[in-house]
Structure formats: C-alpha cells, structure tokens
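The values are calculated or read from the model by the stated rules, or taken from the named source; none is laboratory data. As the structure is a computational prediction, the values presented were derived from the model and not from experiment. Here the Cβ positions follow ideal geometry from the backbone for every residue, glycine too, while neighbour counts run over all protein chains shown. Note: accessible area is taken over every heavy atom of the protein model, side chains too, but ligands, DNA and RNA are not part of it. Shrake-Rupley method; radii C 1.70, N 1.55, O 1.52, S 1.80 Å.
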Amino acid sequence: VYDALVARTAVPASDDIVIVAIDDESILRLGRFPWDRTVHARMLDKLTDAGARAILYDVLFLEPGQGDAALGKSVKMAGPVLPLALEIPGSNGAEATAIGPLPSFHAPNVSIGHAEIRPDKDGIIRSVHLVVLRDGRQWTHVAAITACKVREAACRKSKERISEGEFLIPFTASRHSFRSVPFSSVLEGG
C-alpha cells in the first residue's frame, strides 16, 4: 500500500541535492578503495570551495590512516556530517557499541550520527529510525542532521518525529532521481 501511495504522490527530487558517488568510474580513475585520506581531504576542500550548504560525507574514518593530518584540517573547515559505525553485538554484553570517527576529526562544526538502515522482509528500505540509543547515548540519523544544517524548519520537523520512532521515507518519483556525479569528476574539476 505504501509503495503504491508513494508512487502516486511522489514529488520530484530537489536540484539542491547532489550525490558525489564513489562509483566504478571513480575507482578506475583513482585506484582501489579505500583511498588515501588526502583524496578525501581534497574532495572536502572542493565541496567547501563550491559553497556547499551542508555535506554528508558517508565514509567511515574509524582508525588512523595515511593523510589524517590533511583530512583533519579539511574536515574542520568543511564541517560535514560524518557517520559512526555500530558494532553488533557490542562490547561487554551490550546490544551494540557506537564507534565514531577519529577524535582528530571532531570539531564544533562537525556532526556525527548513525546511518543504520533495516530493510523490510522484501529487501526494500521504507523507513528509518531517526534516533537510536547506543552506549547510553542518543544518536540522530545522518540524514536528519544534514537536513537540520540546511534548514532549521527541517530540524524542528525531524525533532517532532523523533519521539515517534520509525519514520517512513517519502521517496521521490523514480523518474526524477537525485543528480549524481562521479567522485573522480568532482576532483578533476567537473
């Protein structure tokens, strides 16, 4: 029922949202993933210079890597939303343990959230928990945090729904998907 309803009422995707994809073309051009952290630093610098209002950078930076100093500087300038990892089962008998980005990537303008998704029985993801409780702390979903960074109204709206638990995803019409560009194209100035 939800799929049919969404198909009839879906609105076009916003032109304000651009997905910079780590795709096959980018892997062919830049080499095997994971990339040196200086590559990510250059991307954040490009996005900052382009005037991005909010950046959701969906790559895990959980352990030290080559180029951390450059990435740390770029992260602090860009102020992105970064995901944390949820280790299941967690440590010391906990259901799950939240593992955040390296402390060197933390700054007042950097936000950290969960990116946990759970597909329905048919494998399709139709809902998301805007907030999860892990390690005695509430973690907001990275998409909700990003919306808050863009528009305060979206933030208020998401806070109203947080108490409701699960949030049904209002998909866009499939023929009007979000614009996507290869990671390598953005780095090369495209």
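Numbers below:
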quantity: For region 28-125: Kirkwood Rh in Å [reciprocal of mean 1/r, alpha carbons]; calculated: 14.9
quantity: Gaussian network model of the chain, springs between alpha carbon atoms under 10 Å - residue of GLY51, GLY123, GLY90 with greatest fluctuation; calculated: GLY123
quantity: Candidate residues SER26, SER185, SER177: accessible-area rank, largest first, probe 1.4 Å; calculated: SER177, SER185, SER26
quantity: Förster radius 35 Å - calculated FRET efficiency between ILE117 and SER91, Cβ distance, rounded to 0.05; calculated: 0.95
quantity: ARG53-ALA21 FRET efficiency (beta carbon distance; Förster radius 22 Å; 0.05 resolution); calculated: 0.70
quantity: Long-range amide H partners of HIS129 with built H, under 5 Å; calculated: PHE167
quantity: The chain: translational diffusion in µm²/s, Stokes-Einstein, Kirkwood Rh over Cα pairs, 10 °C, 1.306 mPa s; calculated: 87
quantity: From phi via Karplus (6.51, -1.76, 1.60), per-residue ³J(HN,Hα) for region 72-85 in Hz, x at Gly/Pro; calculated: x, 5, 5, 4, 5, 6, 7, x, x, 9, 10, x, 10, 9
quantity: Fluctuation leader among VAL131, VAL18, VAL75 - the chain, Gaussian network, Cα springs under 10 angstrom; calculated: VAL18
quantity: For ALA21, distant residues with modelled amide H under 5 Å away; calculated: VAL181, PHE183
quantity: Selected from PRO34, PRO83, PRO101 as most flexible by GNM, with the chain as the system and alpha-carbon contacts under 10 Å; calculated: PRO34
quantity: Extension reserve of the THR38-ASN109 stretch, reckoned as 0.36 nm per residue once the Cα distance is removed; calculated: 23.5 nm
quantity: HN-Hα J in Hz across region 56-67 - Karplus 6.51, -1.76, 1.60, θ = phi - 60°, x for Gly and Pro; calculated: 9, 9, 8, 9, 7, 10, 9, 9, x, x, 5, x
quantity: Table column - 3J(HN,Hα) (Hz), region 9-14, Karplus curve with 6.51, -1.76, 1.60, x for Gly and Pro; calculated: 10, 4, 9, x, 5, 5
quantity: Helix-only [θ]222 nm of the chain, DSSP H runs n ≥ 4, -39500 (n - 2.57) each, per residue, nearest 500; calculated: -9500 deg cm²/dmol
